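The values are calculated or read from the model by the stated rules, or taken from the named source; none is laboratory data. Computed from a predicted model, the values in this text were never measured in an experiment. Note that we place each Cβ from the backbone using ideal geometry, even for glycine, and neighbour counts take in every protein chain shown. Surface areas here come from the heavy atoms of the whole protein model, side chains and all, with no ligands, DNA or RNA. Shrake-Rupley method; radii C 1.70, N 1.55, O 1.52, S 1.80 Å.
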Amino acid sequence: MRKRVLSVAGAAAATAGVIAAGLTLGSGSADAAPAGSRQHSHRTLTIEAVEKGAAINFVDVAPADNALGDQLIGTGALTTQAGRTLGTSSFVAISTDTKPRTAELLTFVYDLGNGNKITTTGTAKLSAKGPLFDEQFAVTGGTGKYQNASGQVRVVQETEELAKVTFKIRL
C-alpha cells in the first residue's frame, strides 16, 4: 500500500469539500403527521458554509493502476464566508470506479463544537471542468442539538481551494 500526502489545493479538489458553517435559521415549518400519530413540530435549519483548505492523505491500494478502493482521508477547518472559525470537518472518500478521480463514496463528520456534530454520506461524480462537482449528500444524523437531524447538504466544489456547502436540516 502506497501513501502520498496531497497539497492543500490538491486535497480540496479531490474531496467533496468540507464545510465551514454560518448558521441562519430558515423558515420554521410544522409538518403534518400521519393519521393516528402524534403531531410533531419540525423546524428547518439552513447552514451556509465554506471550506478553505484541508489536510488530506491519499492511500493508493493495489493494484496501482486501478483506482477502485483508493482512499482520501482528511480534515479541515470550518469557517463562515467572512472567515469566522466554527469548528472542524473530517471525511473519508473511497473511489468507486476503476478510473482515477471519477467517482467517490464520501462520509463526512462536521464538528460544530460543544458536542454538536452532523454526519452526511453520499456519492460524487467528479468533473474535469466547471465545478469539480455539485452533489447532494444525505444528512444521516448528528449529536447534541443535531441528534435528530435529517435532510440533505449540497456541496459545490468550485475550485481546488473553495467549496460552498448548504445544509437543509430538519430537526
Report summary line: Taking segment 91-101 and keeping residues in contact with a strand residue (DSSP E or B) (Cβ under 7 Å, 6 or more places away or on another chain) and free of Cβ contacts under 8 Å to residues at least 40 places away in the same chain leaves VAL92, ILE94, SER95, THR96, ASP97
Report task. Take the residues in segment 64-80 that are buried (at least 16 other Cβ atoms within 10 Å of the Cβ) and over 17 Å from the mean Cα position of the chain (by Cα), then tell me which one is nearest to LYS164 (Cα to Cα). Result -> ASP70
**Report entry** segment 67-83 residues that are without any contact (Cβ under 8 Å) to a residue 12 or more places away in the chain, paired with ones that are in a strand (DSSP E or B) and open to solvent by 50 Å² or more (accessible area, probe 1.4 Å) (beta carbon under 9 Å, 6 or more apart)
**Finding:** GLY83/LYS52
Report task. Identify the residue in segment 36-62 that is open to solvent by 90 Å² or more (accessible area, probe 1.4 Å) and assigned to a strand (DSSP E or B) and, among all such residues, is modelled with the lowest pLDDT. Result -> LYS52
Query raised in the report: Tell me, which residue of segment 118-133 that is over 16 Å from PHE91 (Cα atoms) and in contact with a Phe, Trp or Tyr (Cβ under 7 Å, 6 or more places away or on another chain) is modelled with the highest pLDDT?
Result: LYS125
**Report entry** ALA67, sole failed condition from (1) of a type outside the set (D, E, K, R); (2) under 22 Å from TYR146 (Cα atoms); (3) touching a Pro at 6+ places or on another chain (Cβ under 7 Å)
**Finding:** (2)
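Considering every residue within segment 126-136, establish whether at least one is closer than 21 Å to ILE56 by Cβ, surrounded by 15 or more Cβ atoms within 10 Å (Cβ to Cβ) and either in contact with a helix residue (DSSP H, G or I) (Cβ under 6 Å, 6 or more places away or on another chain) or small (Gly, Ala, Ser) (or both).
Taking segment 126-136 and keeping what is closer than 21 Å to ILE56 by Cβ, we get 126-128, 131-135.
Right, trim to surrounded by 15 or more Cβ atoms within 10 Å (Cβ to Cβ) and you get 126, 131-135.
From what is left, the residues that are either in contact with a helix residue (DSSP H, G or I) (Cβ under 6 Å, 6 or more places away or on another chain) or small (Gly, Ala, Ser) (or both) are 132.
There is at least one residue in segment 126-136 that is closer than 21 Å to ILE56 by Cβ, surrounded by 15 or more Cβ atoms within 10 Å (Cβ to Cβ) and either in contact with a helix residue (DSSP H, G or I) (Cβ under 6 Å, 6 or more places away or on another chain) or small (Gly, Ala, Ser) (or both).
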Report summary line: Per the filter on segment 118-158, residues free of Cβ contacts under 8 Å to residues at least 12 places away in the same chain and within 21 Å of VAL50 (Cβ to Cβ) are SER127, GLY130
